[in-house]
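J.: I have a structure here, written as structure tokens, and I will follow up with some questions on it.
The values are calculated or read from the model by the stated rules, or taken from the named source; none is laboratory data. Predicted, not measured: the structure shown is a model, and the values here were computed from it. Note: ideal-geometry Cβ built from the backbone for every residue, glycine included; neighbour counts use all protein chains shown. Quick note on the areas: whole protein, heavy atoms, side chains included, nothing else; ligands and nucleic acids left out. Shrake-Rupley method; radii C 1.70, N 1.55, O 1.52, S 1.80 Å.
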Amino acid sequence: MAVDSKRELIDKLRQDILRMQGFAPPESRAAGGIGLGPVENAFPNGIFPRGTVHEFISTSREQGAATCGFIEGLLSRLMDGGGVCLWIGTSTILFPPAAKSFGVEPDRIVFVTMRREREVLWATEEALKCKGLAAVVSELQEMDFAQSRRLQLAVEKSKVTGLVIRHSPRLIGSTACAARWQIRPLPSALEEGLPGVGSPQWEVELLKVRNGHTGSWQVGWSEDGFVPMAKPTLVGTQDKKWIKTG
Amino acid sequence: MERRFASIWFRHLSTDRMAIRQPELREVPFVMATPVHGRMVVSAANILAESQGVSAGMVVADAKAFLPGLEVIDDQPAWTGKLLRSLGLWCIRYTPVVAVDPPDGLLLDISGCAHLWKGERAYLTDIVSRLRNRGYDVRMAIAPTVGTAWAVARFGKKGPIVEGGGEREALMHLPPLALRLESTVQERMHKLGMRTVGSFMGMPRAALRRRFGDQLLLRLRQALGQEDEYLLPLKPVPPYTERLPSLEPIRTAAGIEIALRQLLETLCERLSGEGKGLRTAILKCCRIDGRTVQIGIGTSRATASVSHIFNLFALKISQIEPALGIELFILEAPRIEDIDPVQEALWETAPGLSSPELAELLDRLTGKGTGCTVHRYLPDAHHWPERSIRPAVSLSEKPPIPWTDDRPRPTRLLASPEPIDVTAPIPDYPPMLFRYRGEVHSIKKAEGPERIEREWWVDSGEHRDYYYVEDHKGQRYWIFRSGHYGDDRARQWFLHGFFA
């Protein structure tokens with residue numbers, strides 16, 4: 001009995017700490033998950049945290065393309081109901097028509113091209129302060145802790161979701177982001193005996209989750225949204241569950 | 001409103017310019033000279049030289065004969081024109097409509113301006129004393145018409161200000177030269193003994209026209225205010241302009257901010273009253289050293305919000321160099337558009353493209369002036385991948401045709417296709433493997449070909465056969481073969497994009 005009440009107390013205190021750290025229970029509008037199924041269980045409260053900054057690492061051009069596809073999948077949920085997304089980078093390689101196949105209206109993405117990386121960071125911070133956006137995607141190479149902290153402080157006020165793609169970063173230090181992802185392409189899913197290339201499949205790895213647990217999952221994409229495979233292919237060990245990584 | 005014009009006459013414009021640049025010339029008689037038919041002829045003489053009998057049109061050798069110490073300087077007429085123009089620009093602080101009156105004058109439309117200087121006399125004294133302090137010998141007159149102001153500035157003896165209705169009397173005793181006539185007409189009048197304007201003012205029009213032409217009548221009617229005369233302003237006056245003269249020269253950023261806010265409040269009040277908003281705005285700061293510095297902003301949609309426009313300007317205030325101080329602020333809005341009334345949302349919806357926050361954010365990003373570009377893409381009716389999208393003109397532009405996703409398109413498209421080496425069975429099977437940047441990819445799955453013809457009415461070249469392929473690692477690419485096999489081109493296969 002005493003053990004149970006102690007566990008309850010600890011659970012309650014954990015919830016309080018989460019709330020203090022900005023992981024408020026979702027409001028009514030953002031109640032729906034992101035459709036990632038088991039991947040979302042890795043996050044605190046079992047829900048994909050909106051209104052925070054997520055970091056995506058990509059080490060090759062193919063991974064970069066897979067990351068963009070995955071992010072477009074996320075955007076299709078984040079931009080529900082007419083939201084607008086800002087895509088900030090030093091060059092625009094993203095091909096807008098492809099966003100349509102991930103359920104995003106490409107004309108609702110506004111591309112901002114800056115000349116230097118420092119300006120990209122400045123623009124990202126300015127954009128994250130703006131309440132009129134659904135999400136901000138920013139393509140960078142390097143981002144240190146202080147810079148990520150600035151972005152995190154900006155979103156805490158505006159509740160905009162920030163997605164930072166880091167292409168082949170030289171240094172992966174610790175950042176203030178809520179999660180660090182890595183998306184790798186996997187052979188596409190195709191019914192037996194059919195020709196052609198099937199729907200995209202990715203290996204979605206959560207390298208770091210603030211107040212959550214890491215893991216690796218296989219996720220596919222169909223016309224209705226993400227198709228997560230039920231079992232994580234690689235689970236973070238239980239004793240690592242509450243490691244604070246941010 | 002009663003129309004008032006001012007004429008400023010620089011009596012020794014080119015010599016004054018030399019004396020300002022070389023102060024030692026003030027003490028000696030000197031002339032400006034230009035070569036005419038192989039002889040040096042005086043084009044302008046300073047006051048000292050004039051008092052000793054040298055005048056324009058005299059041959060330099062003659063002048064030197066009776067004034068051996070005369071300095072002679074080569075004249076550069078182009079510089080005088082430039083100087084007159086810059087003086088005209090300086091005068092914009094007194095009135096927005098300033099016209100150059102070559103060779104040595106300025107014409108100002110001062111209707112409704114003089115009261116800011118507490119009357120025409122103070123206005124005139126201010127201009128004349130400032131110009132004299134800078135070293136220019138000027139005469140100025142204010143009259144209800146351009147012609148009278150011009151005449152009184154040059155030939156008037158009674159007083160520089162002509163009240164409304166006093167044109168006839170003011171002109172009466174002036175020589176015909178005061179009417180800006182051609183030299184042949186002037187000579188003929190001189191021969192006929194018409195020494196003052198008054199002597200022929202009352203003559204029948206038909207007689208005057210027969211003897212002296214239409215020009216005389218036109219000038220006379222213009223001087224008397226019977227016919228309108230228009231000035232060609234040096235700077236076109238934007239219809240939405242606010243001016244703020246400062247009592248003391250302003251040198252600090254805080255002072256500029258206060259001035260800017262005050263100007264914006266008056267301008268935005270006027271704009272919102274008319275249901276309009278500005279798209280571009282320019283803040284001009286006239287400094288006391290005679291220069292003007294300006295900063296400009298642009299917005300992506302018409303706005304009349306003081307705070308937003310102020311924030312855009314605030315990014316650039318540091319670019320203003322106040323130097324010794326700024327004495328006049330001018331805020332212009334050259335581009336004005338009708339504003340869409342903002343409707344309060346009845347229930348919370350996701351903010352869309354029309355949200356003012358987005359427009360204000362984009363203005364901030366582009367307004368910093370660091371080479372930031374903003375694009376939004378719309379589908380275009382072309383199959384050729386590079387041309388299948390086009391940049392949208394505005395944030396509110398809707399796609400003219402629906403986006404299609406019936407064909408596989410890569411998430412990332414290379415700006416220019418990169419050549420790859422392939423091993424492919426003929427005639428049109430997908431490759432079995434390809435080498436890209438030194439790495440060999442063996443293809444496991446493939447879709448295609450999707451032939452995209454080049455649009456011959458846009459450009460010429462080969463068609464492309466696109467394949468959507470997946471390699472052994474599960475990485476997906478968009479590659480194409482350019483044209484048919486058979487011709488002896490080494491590079492035929494290209495990689496054009498990466499799929500998710």
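J.: With Kirkwood's inverse mean 1/r over C-alpha pairs for Rh, give me the Rg to Rh ratio of the stretch B:1-237, two decimals please.
T.: In the stretch B:1-237, Rg relative to Rh is 0.99.
J.: Multiply the residue separation of B:W79 and B:D137 by 0.36 nm, subtract the distance between their alpha-carbon atoms, and state the gained length in nm to one decimal.
T.: My answer for the length gained is 19.1 nm.
J.: Still on this structure: Assuming R0 = 56 Å, what is the FRET efficiency of B:A381 and B:R437, from their Cβ-Cβ distance, to the nearest 0.05?
T.: Approximately 0.95, to the nearest 0.05.
J.: At 1.4 Å probe size, with every protein chain present, just tell me what the per residue accessible area of the stretch B:1-237 comes to in Å².
T.: Roughly 51 Å² per residue, with all protein chains present.
J.: For B:K473, give me every one of the lysines with a C-alpha distance below 17 angstrom, ignoring sequence neighbours fewer than eight places off in its own chain.
T.: The reachable lysines, counting only those whose Cα sits under 17 Å from B:K473, are B:K444, B:K445.
J.: In whole Å, what three semi-axes, largest first, describe the equivalent ellipsoid of the protein assembly as shown built from its Cα gyration tensor (square root of 5 times each eigenvalue)?
T.: 76, 33, 24
J.: May I ask you to give the solvent-accessible area per residue for chain A, in square angstrom, as obtained with a 1.4 angstrom probe?
T.: Ligands and nucleic acids excluded, the figure is 45 Å² per residue.
J.: Now a separate question. Using only atoms on other chains, find how many Cβ atoms lie within 10 Å of each Cβ of peptide B:377-383 and report the average.
T.: 3
J.: Compute the convex hull volume of the Cα atoms of the stretch B:227-311, divide it by the residue count, and report the result per residue in Å³ as a whole number.
T.: 149 Å³
J.: Go through the stretch A:141-158 residue by residue and turn each phi into a ³J(HN,Hα) via Karplus (6.51, -1.76, 1.60, θ = phi - 60°); whole Hz please, and just put x for glycine and proline.
T.: For the stretch A:141-158, the Karplus curve yields 10, 10, 8, 9, 4, 4, 5, 5, 5, 4, 5, 4, 5, 5, 6, 4, 7, 8 Hz.
J.: 5 Å is the cut-off here: which amide hydrogens, built 1.01 Å from N in the peptide plane, fall below it relative to B:D101, excluding neighbours closer than 5 in sequence?
T.: For B:D101, the qualifying residues are B:L106, B:L107.
J.: In addition: Out of the total accessible area of chain B (probe 1.4 Å, heavy atoms of protein only), what percent is carbon and sulfur?
T.: Roughly 53 percent of what the probe reaches on chain B is carbon or sulfur.
J.: Rounded to the nearest angstrom and ordered from largest down, what semi-axes does the equivalent ellipsoid of chain A get from its C-alpha gyration tensor (root of 5λ)?
T.: In descending order the semi-axes read 28, 24, 17 Å.
J.: Determine which lysines satisfy two conditions relative to B:K398: a Cα distance under 20 Å, and not lying fewer than 8 residues away in the same chain.
T.: Correct list for B:K398: A:K100.
J.: Between beta-carbons, use under 15 Å as the cut-off and find the net charge around B:G53, counting Lys and Arg +1, Asp and Glu -1.
T.: Residues near B:G53 contribute -1 overall.
J.: For A:A176, enumerate residues with amide H under 5 Å from its amide H, sequence gap 5+ or separate chain, H modeled in the peptide plane.
T.: Correct list: A:S148, A:R149.
J.: Given a cut-off of 35 Å, what percent of all Cα-Cα pairs of chain B lie beyond it?
T.: That tail contains 60 percent of the Cα-Cα pairs.
J.: Got a sec to turn the phi values of the stretch B:221-233 into Karplus ³J(HN,Hα) couplings, 6.51 cos²θ - 1.76 cosθ + 1.60 with θ = phi - 60°, whole Hz, x for Gly and Pro?
T.: For the stretch B:221-233, the Karplus curve yields 5, 5, 5, 8, x, 8, 9, 6, 10, 10, 9, 9, x Hz.
J.: Please report, as a whole percent, how much of the solvent-accessible surface of chain A comes from carbon and sulfur atoms (probe radius 1.4 Å).
T.: C and S fraction of accessible area: 53 percent.
J.: Using θ = phi - 60° and the Karplus relation 6.51 cos²θ - 1.76 cosθ + 1.60, list the HN-Hα couplings for the stretch B:192-205 in order, rounded to whole Hz, with x at every Gly or Pro.
T.: In residue order, the calculated couplings are 7, x, 8, 8, 10, 4, x, 6, 10, 5, x, 5, x, 4 Hz.
J.: Right, here's the next one. In Å, what Rg and Dmax follow from the Cα atoms of the stretch B:409-500?
T.: 12.8, 41
J.: If B:K191, B:K444, A:K208 are ordered by their accessible area, calculated over protein heavy atoms with a 1.4 Å probe, which sequence runs from highest to lowest?
T.: Putting B:K191, B:K444, A:K208 in descending order of accessible area: B:K191, B:K444, A:K208.
J.: Rounded to the nearest 100 Å², what is the sum over both chains of accessible area buried where A meets B, with a probe of 1.4 Å?
T.: 4600 Å²
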